[in-house]
1. Residues that are farther than 22 Å from residue 108 by Cα, hydrophobic (A, V, I, L, M, F, W, C) and in contact with a helix residue (DSSP H, G or I) (Cβ under 6 Å, 6 or more places away or on another chain): does region 33-41 have at least one?
2. Out of the residues in region 104-124 meeting the condition of being in a loop (DSSP other than H, G, I, E, B) and of a type in the set (D, E, K, R), tell me which one is surrounded by the most Cβ atoms within 10 Å (Cβ to Cβ).
3. Return yes or no: is residue 11 closer than 25 Å to residue 120 by Cα, in contact with a strand residue (DSSP E or B) (Cβ under 8 Å, 6 or more places away or on another chain) and charged (D, E, K, R)?
4. State all residues of region 65-103 that are surrounded by 13 or more Cβ atoms within 10 Å (Cβ to Cβ), at pLDDT 90 or above and over 13 Å from residue 41 (Cβ atoms); if no residue qualifies, say none.
5. Among 28, 115, 22, 32, which is the only one that is under 16 Å from the mean Cα position of the chain (by Cα), within 15 Å of residue 7 (Cβ to Cβ) and among the hydrophobic types (A, V, I, L, M, F, W, C)?
6. Among the residues that make up region 16-36, is at least one of them of a type in the set (S, T, N, Q), exposed (fewer than 13 other Cβ atoms within 10 Å of the Cβ) and farther than 15 Å from residue 95 by Cα?
7. Taking region 31-72 as the region of interest, how many residues are part of a loop (DSSP other than H, G, I, E, B) and not hydroxyl-bearing (Ser, Thr, Tyr)?
8. Look through region 82-101, keep the residues that are without any contact (Cβ under 8 Å) to a residue 40 or more places away in the chain and not hydroxyl-bearing (Ser, Thr, Tyr), and return whichever of them is nearest to residue 55 (Cα to Cα).
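The values are calculated or read from the model by the stated rules, or taken from the named source; none is laboratory data. All figures in this text were calculated on a predicted structure; none of them were measured in a lab. A quick note on method: Cβ atoms are made from the backbone with ideal geometry, for glycine too, and the neighbour counts reach across all protein chains shown.
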Amino acid sequence: MIRFINCVRRREDISADEFRRFWNSPEFEYLFERLFLIVQPHRFAKNLTLQIDANEQIRQERGGGEPFDGTIEYWWHDASELLQKYYSSKANEIREEMLAYQRQFIDHANSRGFFTEYQLKEFD
């Protein structure tokens, strides 16, 4: 499977609570629904980073920077299926609308988006 992962950071001038309000807003959900109908991923996930002590402990143990505030993931079976849908004119239009909305609360320069090959191993 092919997976697109978008790891996002909130803008510095936006509090964590404000970020979560934008993230969970009906406007953002509507944009996702519209994009979802066009690019038709087989799976989709929109995740918020938990604000818990364990995350801070992991960061300190590993000497890492601040965690991303959320992730967005889409899965497709193969690249040809993805490319036909992802780069369509309708998908481009909705992605532009989504970027405009996201600029209100996401720091795109410090966020990351990339495609991966997904290989699942299950253990009994």
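1. yes
2. Step one: list which residues in region 104-124 are in a loop (DSSP other than H, G, I, E, B), which gives 104-105, 107, 111, 118-124.
Now drop any that are not of a type in the set (D, E, K, R), which leaves 107, 121-122, 124.
Numbers: 107: 16, 121: 4, 122: 4, 124: 2.
Residue satisfying both the conditions and the ranking: 107.
3. Details: closer than 25 Å to residue 120 by Cα: no; in contact with a strand residue (DSSP E or B) (Cβ under 8 Å, 6 or more places away or on another chain): yes; charged (D, E, K, R): yes.
When the stated conditions are applied, residue 11 does not pass them.
4. If the condition is that a residue be surrounded by 13 or more Cβ atoms within 10 Å (Cβ to Cβ), at pLDDT 90 or above and over 13 Å from residue 41 (Cβ atoms), then 68, 69, 70, 71, 93, 94, 97, 98, 101, 102 are the ones that fit.
5. It is 115.
6. The answer is yes, given that some residue of region 16-36 is of a type in the set (S, T, N, Q), exposed (fewer than 13 other Cβ atoms within 10 Å of the Cβ) and farther than 15 Å from residue 95 by Cα.
7. The qualifying residues number 13.
8. 99
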